[in-house]
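First up is the structure itself, then whatever we jot down about it.
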Amino acid sequence: MLRRVIHCRNCDVFTQAGRRLLERELPETYKDEWTEVMAAEKEENAMGTISMVIFRIEGEWLSIRTRVFAEIIDHENIRNHSLPHRNNPILIGIINVHGEIQLCVCLKELLGMEKIAEERAGEGEKSHKRMMVVNSGSGQWVFPADEILGIHRIHPHAFENVPVTVAKAQSTYTRGIFNWEGRHVGFLDEDLLFYSLTKNIL
């Protein structure tokens with residue numbers, strides 16, 4: 001038979017068996033399982049949560065949308081090269097990320113966190129230095145972070161207004177504040193952040 005039809009897909013017996021398999025009645029448990037899955041997906045979408053990466057720079061906890069987050073690089077596995085004749089405190093230097101040269105910047109300087117860092121220097125925050133890589137419309141930016149909590153989903157109802165006690169420069173880039181496991185986290189405006197980095201460096 002196989003010698004005559006050349007291939008199994010040309011065999012009538014094979015075709016009929018396939019049709020019987022596809023046309024069989026679905027078990028009720030299958031329908032119930034997928035009903036629960038579809039209902040759960042709609043419920044999750046209705047929640048309207050925002051996916052973001054939470055990280056720490058000095059004593060400040062910050063977050064940025066996951067959609068612009070690219071990856072985390074171990075600080076010990078990369079070398080940063082400073083640029084000669086560039087006196088810009090925001091620009092740390094250039095860095096090699098998987099064979100591509102990217103600009104490494106200091107968000108602490110851009111957000112005006114120097115004074116905050118000095119005031120909290122005695123608090124003894126443990127540092128696990130990492131490099132965060134983020135995507136913007138013009139390319140990628142790399143900046144150091146002292147600790148990264150990972151990706152979490154936050155509901156917009158959790159956001160509070162930025163308190164007046166927050167440094168002016170930092171509040172400019174902060175959409176709001178939310179509480180995460182006892183930490184006050186600032187939600188960064190990535191569009192304004194990238195615009196300012198481009199304006200100050202490029």
(request) Quick one: in segment 95-123, of everything that is buried (at least 16 other Cβ atoms within 10 Å of the Cβ) and β-branched (Val, Ile, Thr), which residue is modelled with the highest pLDDT? (result) 105
(message) With the requirement that a residue be modelled with pLDDT under 90 and either part of a helix (DSSP H, G or I) or of a type in the set (Ser, Thr, Tyr) (or both), what does segment 174-202 give you?
(response) 200, 201
(message) Yes or no: segment 142-154 includes at least one residue that is at pLDDT 90 or above, more than 17 Å from residue 106 (Cβ to Cβ), of a type in the set (A, V, I, L, M) and surrounded by 15 or more Cβ atoms within 10 Å (Cβ to Cβ).
(response) yes
(message) Which numbered condition in (1) of a type in the set (S, T, N, Q); (2) more than 19 Å from residue 132 (Cα to Cα); (3) under 20 Å from the mean Cα position of the chain (by Cα) is the only one that residue 161 fails?
(response) (3)
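The values are calculated or read from the model by the stated rules, or taken from the named source; none is laboratory data. The model shown is predicted, which means the values in this text are computed figures rather than measured ones. No Cβ is skipped: glycine too gets one built from the backbone with ideal geometry, and neighbour counts run over all protein chains shown.
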